[in-house]
Structures are given as structure tokens and as C-alpha cells.
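The values are calculated or read from the model by the stated rules, or taken from the named source; none is laboratory data. Here the structure is a predicted model, which is why all the values come from computation and not from measurement. No Cβ is skipped: glycine too gets one built from the backbone with ideal geometry, and neighbour counts run over all protein chains shown. These area figures cover heavy atoms from the full protein model, side chains too; ligands, DNA and RNA do not enter into them. Shrake-Rupley method; radii C 1.70, N 1.55, O 1.52, S 1.80 Å.
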Amino acid sequence: MEQYKDLEEKAEHFLQSQTINTPEELDAAMNELANFMGNKKLHAVFRGVHEAKYKLYSSFQRMWFDRNLGETGTDPYLLVQNMIYHCFNRKHVLFKYFKQLGVICNDWLILSFLQHYGGASPLLDFSRNYKVALYFLCKGLKPYYGKEEIHHYASIYYYKYVEAGKKFISLYRYAHEIVKGKTLIHKDNIWKNELRFSSVMKNIPNSEPIIIPAHNNRTHIKTEENKIATFYTVSNINLTSQKGEFVCNMDVEQPLEDVFHKDGKKYICCLNIHKGLREYIIEKYLGGSLERNDSLYFPSEEQIAKDALEHTLKNINLAKAEPPQP
């Protein structure tokens, strides 16, 4: 797959591009990102990558290139839908699991699962917390390989969610538009019909990217009469821990930075951060250890159970007759 040859070439593909070489420059840039987090009118989301030379390709695009699927006449949309069908089968454990939890299984929820647990999906992860992006930037980062300057850098990408949301389709907002004016809606059927992956993609002009938010508190999709039509969730345990959001890119050839633009304007910004700042980042922004963040951002069911036991045993002398209130 194509990679950037140098930082100058790369800069042409982004709204803004900044090169960071010193702790002072890094701190100034992180203060700006922190301000985006604290300002609801700006609200940015962030993605960290340990090599600046990499373009923003999805796992589905990498599979498409690695297996030369473009030469087989395969329909990429049908391929994604078939992966979803495999898990949407009523006999599949994932479908049964969501049903037992009372969660409405939908195509996007399955894609979220595939994305986070080793499958291939057209989704790319972003986080509402820039420190999560810093963690992924440092995770897997290796020293300076190669003679080219770009090999000495890792990158953080971000875009202003509110600003981009006015130009690109958000699945959450799209779902609200679908239910407008409807009076009788079956909460499951709307996800099997109008909001299924293939149906949504048919209505997206020119394979534009779709913003897939993962709101913690806004799960109700309501009609104009303020009645609950269905429930919205695309989350999983990793996405929740990482304060994640997605962007869906179904263009099999172009990376996200080259399709995430409209009316001549680019929306993604880039910070190229020198790899020599890795230890400084870990010490100042990640609590001094990547390992501490591993379980935080990739919690396992086993570790959650063990943590509950260890916490209880550590506080055994503080236990009271009545259990603490949640």
C-alpha cells in the first residue's frame, strides 16, 4: 500500500500539518488539543499512529490490497455486507449475546465489534481524548528506521467533529432523519431495513465517509412527536474505554484524508511528532508507563473480574454490614 515519501508531500493532503521536535513544541500542541476537548463548539476527535509515513487506510482497505481483491471482480460493499450477515445470523453467538443483553443488534454494532477484535472493517477509530491518541502513537513505536526524515516521526490526526458534522453525514443524525414523520416503527426492523449498512451506503453520494459517533448518553432515536422510535448503539467494551468514535470510508483505494473533504476544503489536521519524544510523552501524559494504559484501553473480562476481587480484598478491613451504594 502507498506510503508518504516525505513530510512535504504529506502536508498537501491535510488541512493543517505541523512538525514537532521539542518538548516545548509538544506541550504547546497538546494544550491546543486539550482546549478542543474542553470546548463543545470546537469538539475534536483524535487518532494516533506510530509511523508518520502511513496513510489513513482502514483494515478493510489493507485486506483489499493484500489479497488483490480488486482483480477478482469482488464487490466491496457486498463483501462487507456478507461479513455482517455472518454475525447477524440468529444462531451466531454475537447475535444471541446482544439479544440477551436487550441490545438491538445492527450492522454498525457488528462492524464496531469486527474493527476492535481482529476483523476487517471500513471503520477507522478516533477518540474524544487526545491522550488515547498519544497512547496509540507510542504503542508499537520503533526507533528511526531508514534514512528518510519522515521515518523519524509518528503522527496524531484530528478533525473538529462539530465542524465536519455539518458537512458529512452522521449515522446518529441520519437515523433521526429516517424516523421523522413515521408513527408506527418496529424498533428492530428499522435497523434491518433503512439503517442497515447496504441501505445507508446506497444513499451516500460518491462514497463519502460517514461519521459514526458513539454517544454515551444519547441512545434514543425519537420521532418528531418525541416518541422513542429505536435505540442507537455502536459501542463495545474497547470503544467505551477508549472514548472512541468511528469514520466509515468505503472507498477501497483512497485513504481517509483524501476523501474527507468537501467543496474544496480539507478537514483532517496532522501533527508529526519526533519519535525521540516518546519517553517524554509517556512520562508527562501517560502516567509514566504504557503498561498501565494497556488494561485501561483494552480491558478484558477476566481482568475486570480480577480487579473487582483485588479491590475488595484490599479494602476488606473497611467492609461494613451494608454494601456500598452504587
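Scanning for something assigned to a loop (DSSP other than H, G, I, E, B) and of a type in the set (Ser, Thr, Tyr), does region 220-227 turn up at least one residue?
Applying the first criterion (assigned to a loop (DSSP other than H, G, I, E, B)) to region 220-227 yields 223-227.
Those still in the list that are of a type in the set (Ser, Thr, Tyr) too: 223.
Yes, region 220-227 contains at least one residue that is assigned to a loop (DSSP other than H, G, I, E, B) and of a type in the set (Ser, Thr, Tyr).
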Problem set entry | Every pair of residues 6+ apart whose Cβ atoms lie under 6 Å, when the first sits in region 193-210 and is farther than 15 Å from Pro122 by Cα while the second is open to solvent by less than 10 Å² (accessible area, probe 1.4 Å) | Leu195/Ala175
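With respect to Ala52, determine if the residue is of a type in the set (A, V, I, L, M, F, W, C) and at pLDDT 95 or above.
The answer is yes for Ala52.
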Exercise. How many residues, within region 226-258, are within 15 Å of the chain's Cα centre (by Cα), open to solvent by 30 Å² or more (accessible area, probe 1.4 Å) and hydrophobic (A, V, I, L, M, F, W, C)?
Worked result: 1
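What's the total number of residues in region 204-225 that are more than 19 Å from Ala164 (Cβ to Cβ) and surrounded by fewer than 18 Cβ atoms within 10 Å (Cβ to Cβ)? Can you show your working first?
First, the residues of region 204-225 that are more than 19 Å from Ala164 (Cβ to Cβ): 216-217, 219-225.
Next, only the ones that are surrounded by fewer than 18 Cβ atoms within 10 Å (Cβ to Cβ) stay: 216-217, 219-220, 222-225.
Result for region 204-225: 8.
Suppose we keep only residues that are modelled with pLDDT of 95 or more and part of a loop (DSSP other than H, G, I, E, B) within region 2-19. Which one would you say is surrounded by the most Cβ atoms within 10 Å (Cβ to Cβ)? Break it down stepwise before answering.
As a first pass, look at region 2-19 and keep what is modelled with pLDDT of 95 or more: 3-19.
Then drop every residue that is not part of a loop (DSSP other than H, G, I, E, B), which leaves 4-6, 12-15.
Numbers: Tyr4: 21, Lys5: 11, Asp6: 13, Glu12: 10, His13: 19, Phe14: 23, Leu15: 16.
Here the residue is Phe14.
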For this session: Determine which single condition Thr230 fails, assuming it passes every other condition in (1) modelled with pLDDT under 90; (2) in a helix (DSSP H, G or I); (3) in contact with a helix residue (DSSP H, G or I) (Cβ under 6 Å, 6 or more places away or on another chain).
Result: (2)
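Are any residues in region 259-285 crowded, with 16+ Cβ neighbours inside 10 Å, closer than 29 Å to Thr74 by Cβ and either touching a residue at least 60 places away in the same chain (Cβ under 8 Å) or among the aliphatic types (A, V, I, L, M) (or both), and if so, which ones? Give the steps one after another, and end with the answer.
The first filter runs over region 259-285 and keeps only residues crowded, with 16+ Cβ neighbours inside 10 Å, leaving 259-261, 266-275, 277-278, 281-282, 285.
Within this subset, residues satisfying the condition of being closer than 29 Å to Thr74 by Cβ are 259-261, 268.
Within region 259-285, Val259, Phe260, Ile268 meet the criteria.
Looking at region 20-48, which of its residues are under 23 Å from Leu124 (Cβ atoms) and in a helix (DSSP H, G or I)?
Step one: list which residues in region 20-48 are under 23 Å from Leu124 (Cβ atoms), which gives 20, 29-30, 32-34, 36-37, 42-48.
Answer for region 20-48, where residues must be under 23 Å from Leu124 (Cβ atoms) and in a helix (DSSP H, G or I): Ala29, Met30, Glu32, Leu33, Ala34, Phe36, Met37.
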Exercise. Which residue pairs have Cβ atoms closer than 8 Å, lie 6 or more positions apart in sequence or on different chains, and pair a first residue in region 44-57 that is on the phi > 0 side of the Ramachandran plot and without any contact (Cβ under 8 Å) to a residue 60 or more places away in the chain with a second residue that is outside any strand (DSSP E or B) and among the charged types (D, E, K, R)?
Worked result: none
For this session: Go through the residues of region 110-119 one by one and say whether even a single one is modelled with pLDDT of 90 or more, out of contact with any strand residue (DSSP E or B) (no Cβ under 9 Å at 6 or more places or on another chain) and surrounded by 19 or more Cβ atoms within 10 Å (Cβ to Cβ).
Result: yes
Problem set entry | Those residues of region 64-83 which are open to solvent by less than 50 Å² (accessible area, probe 1.4 Å), more than 18 Å from the chain's Cα centre (by Cα) and within 30 Å of Lys160 (Cα to Cα), in sequence order | Trp64, Pro76, Gln81
Exercise. Can you name the condition, by its number, that Lys160 falls short on among (1) more than 20 Å from the chain's Cα centre (by Cα); (2) touching a residue at least 24 places away in the same chain (Cβ under 8 Å); (3) open to solvent by 40 Å² or more (accessible area, probe 1.4 Å); (4) closer than 25 Å to Glu8 by Cβ?
Worked result: (1)
Problem set entry | The lone exception for Gln115 - which of (1) over 26 Å from Tyr297 (Cα atoms); (2) within 13 Å of the chain's Cα centre (by Cα); (3) of a type in the set (S, T, N, Q) it fails | (1)
